[in-house]
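Just below is one structure, and these are the notes that go with it.
The values are calculated or read from the model by the stated rules, or taken from the named source; none is laboratory data. These numbers come from a predicted model, not from an experiment. Cβ: placed from backbone, ideal geometry, glycine included. Neighbour counts: every protein chain shown.
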Amino acid sequence: MVNKSLKKSLNECHKIKNGFTLIEILAVVVIIGLIFVLVIPKVTNSLKNKKGDVDQTTTNIVISAAKLYVMDNTSKFERVNGNISCMPVSQLVKKGYLEGPVKNVTDDVDITNKKTVQITYNKGFIYEMVDSNDCLAQETKVIRYFADVLVRKANASNINSYSSGDSHQMYTFSHPATEQTTALTDYRFIGDNPYNYVEFNGELWRVIGVFTVENSSGELEQRVKIMKNEFLSETRAWNSSDSNDWPNATLKTYLNGDYYNSLADASKPFIDDVKYYLSACRTDAGDGSAYYSCERSNIGYSSRVKNWIGKLAIMYPSDYIYTFSNGVDNPCFQDVEDCSTRGGVPTKSWIFNINGNKNQWLLTLRYTSLTGALSINNSGDITGLSSVILKKNINPVIYLSKDTAFKGGTGKQNKPYKIKINQS
């Protein structure tokens, strides 16, 4: 028994001394291989995911930089559904919103000149990092024309309870056909404090309204009519030759010559030739509607022309009187002379507030006179007693080109409308 037990122990020691058997070694190798097959891919994927997380963080940083750029440059990104803008990563680096180069962690590829933040507006800005070429293929700009933007804000014409502050936008007016026009609808700013400021020629101008006018080719177009928010620095005669012949008037020549040439080159494309009406009116023509019809009638005196095509002029009597309409100041609208016979001045009109109790020339001729034109006197009344050789204040008026697009702003004095010419 002792010998057999000792022999078994000796055999076990001999086995240990000689190491593992081949079968045992192969078994270990198989087990280790299985571990590699099962575990290593998971480790690799985990590492890749970690790198992917870092890439997503990079994307988030780039998009945050793009959002900051949009906030700092709101005028370049119009809030119009369907607009797609491209903000290249390289531009964000160039403008200091990112530090370059910007690289992917997974492959160490520099994306600075390859990737773009695609900015889509759909009831809010949506940001996405895409290949630059893909964004350029999608980039679109929905053009909002200035006239359309204003008209969509206009109130209905049946509002008759206006009081100061009720609305700062335009009101809608329908006019019957006249001898020179078909039946037309226009849109006017009324009252004493409308939001109708617009930046033009580096100055503040005011929007009178949106009107359908004839261009130089006789086509009807919807145009925005604006006037300078301040008088010209010098008073001027309507015509120094004492004749109410507008096509040959010195004021017409000055506005369409020296004054037009003094405008910034970037402002001139906004101004096109359109038809202005020159029919003669009595000073007691009636309410704003009566003046409107008279201005566009065939009423004349002697050989005076009934209309003229040009770039710059001055406003009609109806432009002024309609600021009192829709309940703003009914007596003034019905007969503007009443404004000066009630012991005060018509302060509810934004045009008269610009006037500031000063005499101002109007475009319309005085009926039965070869030397008179209508004007607003310092009491707010329309008068025709003055000869055109007298010097009075001037507010230049233009109709903006139909290609004038909306750029931004609210129309408030501290945030005027901004406009641009559509180049497409």
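So the values come out like this:
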item: Neighbours by Cβ (under 7 Å, 6+ apart or cross-chain): first from the range 366-390, under 15 Å from SER279 (Cβ atoms) and not assigned by TED's automatic domain parsing to the domain that holds ARG282; second surrounded by fewer than 19 Cβ atoms within 10 Å (Cβ to Cβ) and not aliphatic (A, V, I, L, M); result: none
item: Criterion (part of a strand (DSSP E or B), in contact (Cβ under 8 Å) with a residue 40 or more places away in the chain and among the β-branched types (Val, Ile, Thr)) met by exactly one of ILE309, ILE299; result: ILE309
item: Residue match in the range 67-85 (condition: without any contact (Cβ under 8 Å) to a residue 40 or more places away in the chain, small (Gly, Ala, Ser) and surrounded by 13 or more Cβ atoms within 10 Å (Cβ to Cβ)); result: no
item: Identity of the residue in the range 270-312, among the aliphatic types (A, V, I, L, M) and out of contact with any Lys or Arg (no Cβ under 7 Å at 6 or more places or on another chain), that ends up surrounded by the fewest Cβ atoms within 10 Å (Cβ to Cβ); result: VAL305
item: Any hit, the range 416-423, residues being among the polar types (S, T, N, Q) and not in a loop (DSSP other than H, G, I, E, B); result: no
item: Sole residue being surrounded by fewer than 18 Cβ atoms within 10 Å (Cβ to Cβ) and assigned to a helix (DSSP H, G or I), chosen from ASP319, ASP338; result: ASP338
item: Out of ASP134, ASP186, ASP192, sole residue that is at pLDDT below 90 and over 30 Å from ILE63 (Cα atoms); result: ASP192
item: Test result for THR112, assigned to a loop (DSSP other than H, G, I, E, B), surrounded by 12 or more Cβ atoms within 10 Å (Cβ to Cβ) and without any contact (Cβ under 8 Å) to a residue 60 or more places away in the chain; result: yes
item: Subset of the range 166-211 [β-branched (Val, Ile, Thr), in a strand (DSSP E or B) and more than 16 Å from LYS415 (Cβ to Cβ)]; result: THR172, THR185, ILE208, VAL210
item: Criterion (among the charged types (D, E, K, R), surrounded by 13 or more Cβ atoms within 10 Å (Cβ to Cβ) and within 30 Å of the chain's Cα centre (by Cα)) met by exactly one of LYS95, LYS103; result: LYS95
item: In the range 369-401, the residues that are aliphatic (A, V, I, L, M) and either buried (at least 23 other Cβ atoms within 10 Å of the Cβ) or closer than 30 Å to GLN222 by Cβ (or both); result: ALA373, LEU374, ILE376, ILE382, VAL388, ILE394, VAL397, ILE398, LEU400
